[in-house]
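Undergrad: Quick one: structure below, then a few questions.
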Amino acid sequence: MRGRLWHLALYIFVLGFILNLLGIVTHVTMSAFAKRWFGTPLPPQFTTDWFVYAWNNFDLDRVLTVTVTVALAVVALALAIAYPAAYILARRNFRGKALLLLLYFLPLVIPQMTYGISLATTLYGWPIGGTIVAVILANLVPMVPLAIFVLIPFFEQVSPNLEWGAQTLGASRAQIFRRILLPLTIPGLLTAGVLILVNTVSNFELTFLVSGSGSQTLVVALFYNVFAGGVRPVYSVDAMALMYMTTVLVLLLIALRFVRPTQMVFRLDRA
Amino acid sequence: MRGLRRGEPRELDLMAVACLAPSVLYVVLMFVYPFLRGIYLSLRPGKEPVGLSLANYVAFFSDEWQYGTIWITFSLAVPTTIVVVATALFLAYGMRRGIRMERTITTILVLPVSLGVILLSIGIQGFYGTRGWFNQLLVGSGLISEPLRLTNNHTGVMLSLFMQQFPFCFLMLLGYISGIDPTLEKSARTLGAGSWTVFRRVMFPLIAPGLAIAFALVFVMSFAVFPSAILLGQPAGSTRTIAIAAYHQAFEHYDMSYASAIAVIMGLCQLAGLVLIVLVRQRMVLAPTMGVGKR
C-alpha cells in the first residue's frame, strides 16, 4: 500500500512537471501568434504579423548568421583541439594525469558568471574584443573540456590491438589514424559534435559577457529584447522566442538520434 | 607505440605531448590566465594604480548596497538547492528499479536545460505572471480571489532556478542510486527491515556521498544566478544578486578592477559553500558499495 502511494506521488510530480513545462512553452507559442492578449484564456485574434515585425526590427538575418557561424566554428575547433588530447588521456597513464583532468574539469563546474567577467576583461584588452572571434574563443573554454570528456570513452572502446596489428603490418602513424582510429571514433565525434552544437546555441552567460553589438547570438539578442521591455511589443519578443525555441528543438531532435537524453546534461558520476 | 598498454605512470613521449599541448595551452591561456589576471586586477584599484591594495574589497564590504548582494544571493541559492536536492532524491529513489517510459521522462526532464534559461524565463513570466494561465486557472476555479504574484520577485527567480537545476541533479542522483548494489537492499529486507529502515539504515548512508556532490554543484550553480534574476526578479532591488553587482561594475561603470573584486568574492562564497558541504560529508561515515546494478 505504501509502495503504491509512493509511486502515485512520483507520477503526480512528473505529471506536474510536464504540465508546467507544457504551459510555459505553449504560452510563448500562443503569445507569438496573438494579435492582442490580455488576461483571457485564449487570445481573441491570431496573426503572424509579429514574425515579420521581429524579422525586420530585430536584425534577425545578421543574428542568425552570427549564431550559425559561432556554433559551427565552436564545434569544429573544439573537436580539433579535444580529439588528440582525448586519445592520449584514454590510452596513457602518466604522472600528473589527475591534475590535468582537474584542469579540464574546472571550466565545466565553475559557473560561467564567476570566470566570465575576468575572461571578458581579458578579451576586451585584445584587438578582438567584442567581435565574433571573441565569442568563439570564449565558448571554446567550456566546450573543449566537454568534448574531451565525451570523447575519452569512445577511444577506450577501440582496442589497442588493432593499432598494434596495423603497425606490425607496416602501417604508418598517419595510416593508422586515417584508416583505423578515425573511422572507429566517428560515433564519438558525432556525439560530441551535437552536444557542443546544442550547448553553444543555448549558452547565454559567456556569449553575453564577451559579445559586442555586432556579435550577438540569437539567445543574447533575445535577452536584450526582453530586457528592453516596454519598448518592444511583448508579442514580437515571443515571436523571436518561438524562432529560437524551434531552432533548439530541431537541433535537440537531431541530437537525440545520436545521444541518450541523459547525456544532454553534463554527468559527473563517471568523472 | 610502446605506451599503448595502460599501467604504471610513465613519461610522455613527444607525440603525446604534441597531442595534449593544444588543449592544455587553450585552457591555460583562456581560463587560468584570465582567472589569475582577474585576481591581480582586483588588487589594483583606481585609474593609475600603484602597488597592490585591498581598497576594492574594503569598498565592497563597507557599502550595504554591495555586500547586501551576498545575503540576497544566499537567500535565493540555499532554499532552491535544498528543494532541488530533496525533490530529486525523492524521485530518483523511487525510480531506482527503473520505471515505465524512462527514456520519455528523462527526455522531458532534460528539455528545460536544453531550451536554456532565457526562454524558460520568458515562458515563466508569461505562464506564471499575474495574467498568465496558471493564475487564470486558480482564480477561475475559485481557489483564490486575487492572482498570486509569482514573478518579478524571489519566487520567480527560484522557479526558474528549480527548472534549470532539477533535471541535472535528478539525473545525477538517479545514476548514483541505481548504481548501488541491489542485493544490499534485498538482504536488509530478508532480515526483516521495512521500507523506512532500509532507506534510513542501508540506502541513505550509501547515497550520502552522491548527495553531497549534488548539493555542492547545485549550490555553486545557483549562487551564480544572473539572467533569471534580471528577467524574473527585481534586478535593482530584492533580487540584485552578486553576479548582477559584478556585471554592473564591469559594463555600466567600466570599473574592471572593482568588478573583478566582486567576481573574486563571488568565487570565494561558492568555495565557502563547497568547503562546508565537504566538512558535512566527512562527518557521515560511509563505505561506497557501488557494484552491479542498472545500466
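No lab work stands behind these numbers, since they all come straight from the coordinates. Being a predicted model, the structure only gives us computed values, none of them experimental. Positions of Cβ are backbone-derived with ideal geometry, glycine not excepted, and every protein chain shown enters the neighbour counts.
Undergrad: Roughly how far apart, in whole Å, are the Cα centres of the range B:66-128 and the range B:241-256?
TA: One Cα centre to the other: 27 Å.
Undergrad: Placing unit charges on C-beta atoms (Lys and Arg positive, Asp and Glu negative, everything else neutral), compute the dipole magnitude of chain A about its Cα centre in debye, rounded to 20.
TA: Dipole size: approximately 800 debye.
Undergrad: Oh, and also: Rounded to a whole number, what is D in µm²/s for the range A:1-47 from Stokes-Einstein with the Kirkwood radius over alpha-carbon pairs (37 °C, 0.692 mPa s)?
TA: 257 µm²/s
Undergrad: Quick check: from the Cα gyration tensor, does the protein assembly as shown come out rounded (a/c under 1.5), prolate or oblate?
TA: The shape class here is rounded.
Undergrad: Hey, another quick one. Ignore the peptide's own chain and count Cβ atoms of other chains within 10 Å of each Cβ in B:84-96; give me the average, rounded.
TA: That works out to 2 on average.
Undergrad: Dipole of chain A (Lys/Arg Cβ +1, Asp/Glu Cβ -1, origin at the Cα centre): which of A:Ile88, A:Met30, A:Tyr235 lies farthest to the positive side?
TA: Towards the positive end, the residue furthest out is A:Ile88.
Undergrad: Same structure again: What FRET efficiency do you get for B:Val139 and A:Asp49 if R0 is 41 Å and r is their Cβ-Cβ distance, rounded to the nearest 0.05?
TA: Computed FRET efficiency for B:Val139 and A:Asp49: 0.85.
Undergrad: If you don't mind, there's one more thing I want to ask. Go through A:Trp55, A:Ala98, A:Ile176 and say which Cα lies farthest out towards the positive end of the charge dipole of the range A:49-264; charges sit on Cβ, +1 for Lys and Arg, -1 for Asp and Glu.
TA: A:Ile176
Undergrad: Given +1 on the Cβ of Lys and Arg, -1 on the Cβ of Asp and Glu, and no further charges, what dipole in debye does the protein assembly as shown carry about its Cα centre, rounded to the nearest 20?
TA: 1980 debye
Undergrad: Kindly state, as a whole number, the per residue volume in cubic angstrom of the convex hull around the alpha carbon atoms of the range A:49-264.
TA: So the per-residue hull volume is 147 Å³.
Undergrad: Students often check this: by mean Cβ neighbours within 10 Å, which of B:199-206, A:140-147 ranks highest, and how do the rest follow?
TA: A:140-147, B:199-206
Undergrad: Among B:Leu52, B:Leu161, B:Leu91, whose mean-square fluctuation peaks in a Gaussian network model of chain B (Cα, cutoff 10 Å)?
TA: Among B:Leu52, B:Leu161, B:Leu91, the largest mean-square fluctuation in the Gaussian network model of chain B belongs to B:Leu52.
Undergrad: Of B:Thr130, B:Ile39, B:Pro22, whose Cα points farthest to the positive end of the dipole of the range B:1-157 (charges on the beta-carbon: +1 Lys, Arg; -1 Asp, Glu; origin at the Cα centre)?
TA: The Cα lying farthest towards the positive end belongs to B:Pro22.
Undergrad: Now a separate question. Please report how far the C-alpha centroid of the range A:138-157 lies from that of the range A:36-62, rounded to the nearest whole angstrom.
TA: 40 Å
Undergrad: Relative to the Cα centre, what is the charge dipole magnitude of the range B:58-283, using +1 at the beta carbon of each Lys and Arg, -1 at the beta carbon of each Asp and Glu, and rounding to the nearest 20 debye?
TA: 1040 debye
Undergrad: So what is the 222 nm mean residue ellipticity for chain B from helices alone, if each DSSP H run of at least 4 adds -39500 (n - 2.57) and you divide by all residues, rounding to the nearest 500 deg cm²/dmol?
TA: Calculated from helices alone, the mean residue ellipticity at 222 nm is -21000 deg cm²/dmol.
Undergrad: In peptide A:24-33, how many Cβ atoms from other protein chains are near each Cβ within 10 Å, on average?
TA: Shielding by partners across A:24-33 averages 6.
Undergrad: Under a GNM of chain B (C-alpha, springs under 10 Å), which listed residue has the highest mean-square fluctuation: B:Cys19, B:Cys269, B:Cys169?
TA: B:Cys19
Undergrad: Label A:Arg179 and B:Asp63 with points 7 Å out from Cα along Cα→Cβ: what is the distance between them in nm?
TA: A separation of 6.7 nm, rounded to one decimal place.
Undergrad: Please give the average number of partner chain Cβ atoms lying within 10 Å of the Cβ of each residue in B:139-150, rounded to a whole number.
TA: 0
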